[in-house]
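What follows is a short report on a single structure.
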Ligand SMILES: Cc1cc2nc3c(=O)[nH]c(=O)nc-3n(C[C@H](O)[C@H](O)[C@H](O)COP(=O)(O)O)c2cc1C
């Protein structure tokens with residue numbers, strides 16, 4: 001085979017060695033992947049503007065000028081502003097009562113401190129805007145929008161030399177973002193962890209790649225092996241965006257209870273549910289998702305109200321380390337995450353397996 005199949009236009013755009021992007025909430029994982037030759041995007045949607053500024057500087061100090069990204073959520077469907085109390089007052093009594101029943105039935109403890117989800121950028125546009133302002137001010141190399149179109153801030157970003165990536169679950173969202181001029185599109189399928197649409201990864205990646213012209217497409221959803229990486233490039237992607245893959249790695253600060261569940265979970269342990277945030281989301285099954293899936297449950301509220309309702313359960317479970325209650329976002333590729341390796345090793349294994357896969361397909365001729 002001539003040339004390096006892993007050297008893609010995404011590698012050229014970002015100046016990276018391998019077309020593998022780690023989405024992570026853990027700074028140590030991000031730094032390990034960046035310094036290993038991949039790219040990392042740190043999820044900061046749950047953080048205050050002050051924390052975001054500190055995290056950006058922390059990463060910058062450790063990557064010797066290599067680029068990195070920060071991910072926010074920018075949904076336009078949420079209220080423009082409003083305190084948590086004001087937003088909470090819109091939750092109907094039926095839904096409060098159902099959440100309370102779950103709390104009593106499973107003996108869900110109270111959160112121990114401030115509820116992190118109450119500063120989620122997806123709660124209202126004002127919170128997201130304050131987070132975004134820090135990224136513009138800090139001129140982070142890449143801003144990714146995990147939810148909602150980033151088209152409104154393209155000029156502000158480009159004026160500062162910042163690249164903007166949009167994540168989509170439908171071809172029509174990709175079309176609008178390509179027309180607006182985003183620098184890369186993450187085409188994410190149903191297999192993915194976290195918020196995701198109902199189109200399969202194979203279909204969405206091929207469809208978006210076919211309409212993208214010179215704009216790099218990045219495949220996401222269920223990608224946890226080198227064969228997934230090779231397949232994504234064959235579909236027309238220039239790289240992969242991966243989340244579940246890094247949850248149980250050595251450097252990850254995810255609770256050991258969740259790490260162990262990730263290592264033993266298979267596809268059937270994940271569920272596609274609106275019960276956490278009001279938007280479709282793939283997570284590990286837990287009593288909260290199972291109770292809301294029952295026929296007698298009320299229909300989950302729209303964003304951001306369902307997130308406010310679920311936040312007490314989630315943080316109560318996490319703060320008190322209740323293994324029987326805890327959940328986390330996880331994708332259908334979770335079956336392949338079976339050992340706790342250093343992040344750099346995960347990256348290298350993925351690259352090696354992808355190269356072997358291409359060699360196997362092309363043969364010696
Ligand atoms: C634990 C976890 C938390 C996530 N949180 C966010 C988030 O805050 N913002 C976001 O845009 N995507 C988030 N995602 C989704 C990832 O960005 C990515 O799209 C997804 O993990 C890709 O699917 P995969 O996990 O099958 O690789 C999260 C994923 C995981 C595993």
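Each reported figure results from applying straightforward, stated rules to the coordinates on display, with no laboratory input. Treat the numbers as computed from the prediction; the structure is a model and nothing was measured. Virtual Cβ from ideal backbone geometry, glycine too; neighbours counted across all protein chains shown.
222 nm [θ] for the chain, helices only, -39500 (n - 2.57) per DSSP H run of 4+, per residue, to 500?
Values: 14 runs with 145 residues, N = 365.
Taking each H run of at least 4 residues, the total per residue is -12000 deg cm²/dmol.
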Which of these, 177, 131, 114, has the largest mean-square fluctuation under a Gaussian network model of the chain (Cα springs below 10 Å)?
114
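Give, in whole angstrom and from largest to smallest, the semi-axes √(5λ) of the equivalent ellipsoid of segment 212-255, with λ running over the eigenvalues of the Cα gyration tensor.
Numbers: eigenvalues 124, 25, 9 Å².
In descending order the semi-axes read 25, 11, 7 Å.
Grab the Cα-Cα distance for residue 114 and residue 175, subtract it from 0.36 nm times how many residues apart they are, and report the gain in nm with one decimal. Please list the in-between numbers first.
Values: separation 61, 0.36 × 61 = 21.96 nm, distance 3.99 nm.
Fully extending the segment from residue 114 to residue 175 adds 18.0 nm.
Can you figure out the FRET efficiency of residue 54 with residue 341, using R₀ = 35 Å and their beta-carbon distance, to the nearest 0.05? All intermediate terms of the calculation are to be shown ahead of the outcome.
Working: r = 28 Å, r/R0 = 0.81.
E between residue 54 and residue 341, to the nearest 0.05, is 0.80.
Normalised by the residues of segment 9-357, what does the relative contact order come to in percent, with Cα pairs under 8 Å and at least six apart?
On the way: 740 pairs, mean separation 68.0, N = 349.
For segment 9-357, the relative contact order is 19 percent.
What value does segment 218-281 have for Rg/Rh, both radii from Cα atoms and Rh as Kirkwood defines it? Don't skip to the answer; put the middle values down first.
On the way: Rg = 13.8 Å, Rh = 13.6 Å.
Ratio of gyration radius to Kirkwood radius for segment 218-281: 1.02.
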In segment 9-357, if every C-alpha pair distance is counted and binned at 20 Å from zero, what percent goes to each bin?
31, 61, 8
With labels modelled as points extended 7 Å from the Cα through the Cβ direction, what inter-label distance (nm, one decimal) is found for residue 266 paired with residue 35?
3.8 nm
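Mind ordering 215-224, 16-25, 64-73 by average Cβ neighbours within 10 Å, highest first?
Details: 215-224: 28.2, 16-25: 25.1, 64-73: 20.4.
The packing order, highest mean first, is 215-224, 16-25, 64-73.
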In nanometres, the difference between 0.36 nm per residue of separation and the alpha-carbon distance of residue 63 and residue 159 is 32.2 nm
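Between residue 4 and residue 320, what's the calculated FRET efficiency when r is the beta-carbon distance and R0 is 45 Å? Round to 0.05. Mind dumping the intermediate values first?
Values: r = 49 Å, r/R0 = 1.09.
Once the sixth-power term is evaluated, E becomes 0.35.
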Report the residue, chosen from 106, 313, 305, that carries the largest GNM mean-square fluctuation when the chain is represented by alpha-carbon nodes joined by springs under 10 Å.
106
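Working from the pairwise distances between different alpha carbons, so that the mean of 1/r is found and then inverted, what is segment 95-170's Kirkwood radius in Å?
Numbers: mean 1/r = 0.0656 Å⁻¹.
Hydrodynamic radius (Kirkwood, Cα pairs) of segment 95-170 is 15.2 Å.
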Using only Cα atoms and rounding to the nearest 10 degrees, what angle (0 to 90) does helix 305-319 make with the longest principal axis of the chain?
90 degrees
Using alpha carbons only, how many degrees (0 to 90, rounded to 10) separate the axis of helix 93-105 from the longest principal axis of the chain?
90 degrees
Can you order the peptides 329-336, 6-13 by their average number of other Cβ atoms within 10 Å per residue, highest first?
329-336, 6-13
